[in-house]
Amino acid sequence: MAKSEGERRKFRAIKGTRDILPPDSALWNWFEKTARGVMESYNFGEIRTPIFEETELFARSIGVETDVVSKEMYTFEDRENIRVGYPQTWEELIKTNAAVMEAWKSGKIPRTPYNEIAIEQLQSAFQDIENVGTPGILRFLFELHNLDLGEKITLRPEATASVVRAYIEHGMHTRAGDQKLYYIGPMFRRERPQKGRYRQFYQIGAEVLGTSDAPAIDAELIQMLTDLLERCQIEKYTLLINSIGCAECRPKYVELLRAKLREPEIFSKLGADSQRRVETNPLRVMDSKLPEEQEIIEKLPKISEHLCAECKAHYEKLKRELALREVPFTESPRLVRGLDYYMRTTFEITSPILGAQNALCGGGRYDGLVEMLGGPKGIKGIGFALGEDRFIDAIVEAEKINATRTVDAFIAWMGERAYPMAVRLARVLRGEKHTVELPPEETKFRKALERADKMGARYVLIIGEDEIASDMLTIKRLADGKQEKISEEALVDYLRGAR
Ligand code: AMP
């Protein structure tokens, strides 16, 4: 490609990512403001964590066997320590080799078993160069670029791991009471994009961390979500709940399930993924979406029938707590999570107005996570994450919320003498929290009106020669064309009253 052509090439947003433009962004802002309002009314405080973390944090907390960790993470090396390019001359090559060995000795290159082998190979290649010439150089370069030069970091695929990391790092367990935290922000997963599924998507989530696992905590967290749905006037949704037991009762149930799934007449009807999961993680067979497996799954033993006394009591109490709050729910024995630290309550909210990607939100208890990530013993946790992209779709589908921004006043100024007054007025009105459009250049009256109309402005403030002469301005209401003269002083009150 010729250079000039390359320079002229148009860039596009990366697959699975998208731009959110005005006026659509107004609804996003409305939603975030509403969600903050609801969560703050439950006394949750915002936590902001970085969007990247050590890869290991996600691998440990989400689990290496999950699709998210094994296939979908955006991971890269954080190479701040040392740079290796492509040495061009023999001197550069010797210098590079010396620098690498220096960095290796000083520990700048991470001392992983992988790197030990890579360094060994690099040195053998280096010594070989004199004997074999070019192939030796190529091997040296290959080994050089094989080194893991930095820490592996990952764009967060979800935020619970980060919140728990921050909770531990800042010793938040020493603060009084349960920590009730919420976050808003982008998450990154390399999934196959489709409607409602993106590679950069937005989640709003909340976590409660503390020593109590009272079912009232779970119920209040869920109620917070149904409050939000109500504010968004999304009426068509289902709240699914389940209990997945604890370290005491779940393993016994898993064995029972595995034994059942191994029965030849059942096993033979499962798809390849589920067949594999019978051995690796039979719980996950329960949330399979394969149509031909549905009938079999319906008949499998349900975890709710195999809970220990404590888990059963917790679950029963949760249901009573939800009923007390008038939160309608549906029990779903198929709502499971495959990781050990998940305990008891799991829930999900789906909406039929969303199509294939119908999950608005998911959550559950993770009583073992804080300890697993090196935190204090006995800290329990529960949280949810909702998909903002999908909430927005649901709000749009429900057609109840109008979040468009309006321009309150368009200032049509004509003539140099009108301009200072226009600038002054814009400042005063903006100070009054009105949205004001001030054209940067003089515009003919008709054109100004047209533009104001297109923008959907409510009022046009007209400042021309006449107005300057009479020290008044003209205000025109676009809804009905009504127009009157008004003094600058009276205008502020007028627009206040017109809100
Ligand atoms: P998860 O963290 O997988 O439990 O997902 C929680 C919620 O985030 C889901 O119920 C979805 O609403 C949303 N979500 C998850 N993955 C995506 C994605 N790739 N694109 C858009 N929304 C997503």
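Key figures for this structure:
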{"quantity": "Criterion: under 33 Å from the mean Cα position of the chain (by Cα) and crowded, with 21+ Cβ neighbours inside 10 Å - qualifying residue of Leu425, Leu386, Leu461", "calculated": "Leu386"}
{"quantity": "Some residue of the range 311-333 being within 16 Å of the ligand (Cβ to nearest atom) and buried (at least 20 other Cβ atoms within 10 Å of the Cβ)", "calculated": "yes"}
{"quantity": "Residue match in the range 83-94 (condition: in contact with a Lys or Arg (Cβ under 6 Å, 6 or more places away or on another chain) and assigned to a helix (DSSP H, G or I))", "calculated": "no"}
{"quantity": "Among residues of the range 150-193, those that are more than 14 Å from the ligand (Cβ to nearest atom), of a type in the set (Gly, Ala, Ser) and either under 14 Å from Glu53 (Cα atoms) or in contact (Cβ under 8 Å) with a residue 40 or more places away in the chain (or both), counted", "calculated": "2"}
{"quantity": "Qualifying residue in the range 277-287 (condition: open to solvent by 20 Å² or more (accessible area, probe 1.4 Å) and without any contact (Cβ under 8 Å) to a residue 24 or more places away in the chain)", "calculated": "yes"}
{"quantity": "Subset of the range 100-117 [part of a helix (DSSP H, G or I), of a type in the set (A, V, I, L, M, F, W, C) and under 17 Å from Gly85 (Cα atoms)]", "calculated": "Val100, Met101, Ala103, Trp104"}
{"quantity": "Any hit, the range 214-221, residues being closer than 30 Å to Lys302 by Cβ, within 16 Å of the ligand (Cβ to nearest atom) and surrounded by fewer than 18 Cβ atoms within 10 Å (Cβ to Cβ)", "calculated": "no"}
{"quantity": "Failed item, numbered, when Lys476 is tested on (1) farther than 16 Å from Val407 by Cα; (2) surrounded by 15 or more Cβ atoms within 10 Å (Cβ to Cβ)", "calculated": "(1)"}
{"quantity": "Cβ-Cβ under 6 Å pairs, at least 6 apart or on other chains, the range 461-475 side farther than 16 Å from Lys447 by Cα and touching a residue at least 24 places away in the same chain (Cβ under 8 Å), far side of a type in the set (Phe, Trp, Tyr) and surrounded by fewer than 16 Cβ atoms within 10 Å (Cβ to Cβ)", "calculated": "none"}
{"quantity": "Neighbours by Cβ (under 8 Å, 6+ apart or cross-chain): first from the range 215-232, on the phi < 0 side of the Ramachandran plot; second in a helix (DSSP H, G or I) and at pLDDT below 95", "calculated": "Cys232/Ala398"}
{"quantity": "Condition met for Pro420 (of a type outside the set (Gly, Ala, Ser) and either exposed (fewer than 11 other Cβ atoms within 10 Å of the Cβ) or touching a Lys or Arg at 6+ places or on another chain (Cβ under 9 Å) (or both))", "calculated": "no"}
{"quantity": "Residue among Glu53, Glu65 that is of a type outside the set (A, V, I, L, M), touching a Lys or Arg at 6+ places or on another chain (Cβ under 7 Å) and not in a helix (DSSP H, G or I)", "calculated": "Glu53"}
{"quantity": "Single residue of Gly16, Gly37, Gly6 found to be small (Gly, Ala, Ser), out of contact with any Asp or Glu (no Cβ under 6 Å at 6 or more places or on another chain), open to solvent by less than 100 Å² (accessible area, probe 1.4 Å) and modelled with pLDDT under 95", "calculated": "Gly6"}
{"quantity": "Residue match in the range 118-139 (condition: outside any helix (DSSP H, G or I) and basic (Lys, Arg))", "calculated": "no"}
{"quantity": "First in the range 194-211 and at positive phi and assigned to a loop (DSSP other than H, G, I, E, B), second anywhere and open to solvent by 10 Å² or more (accessible area, probe 1.4 Å) and near the ligand (Cβ under 9 Å from one of its atoms), Cβ under 6 Å, 6 or more apart", "calculated": "Gly196/Gln357; Gly196/Arg390"}
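The values are calculated or read from the model by the stated rules, or taken from the named source; none is laboratory data. Just so it is clear, the structure is predicted and the values come from calculations on it, not from any experiment. For neighbour counting, all protein chains shown are included, and Cβ atoms are generated from backbone atoms with ideal geometry for every residue, glycine included. These area figures cover heavy atoms from the full protein model, side chains too; ligands, DNA and RNA do not enter into them. Shrake-Rupley method; radii C 1.70, N 1.55, O 1.52, S 1.80 Å.
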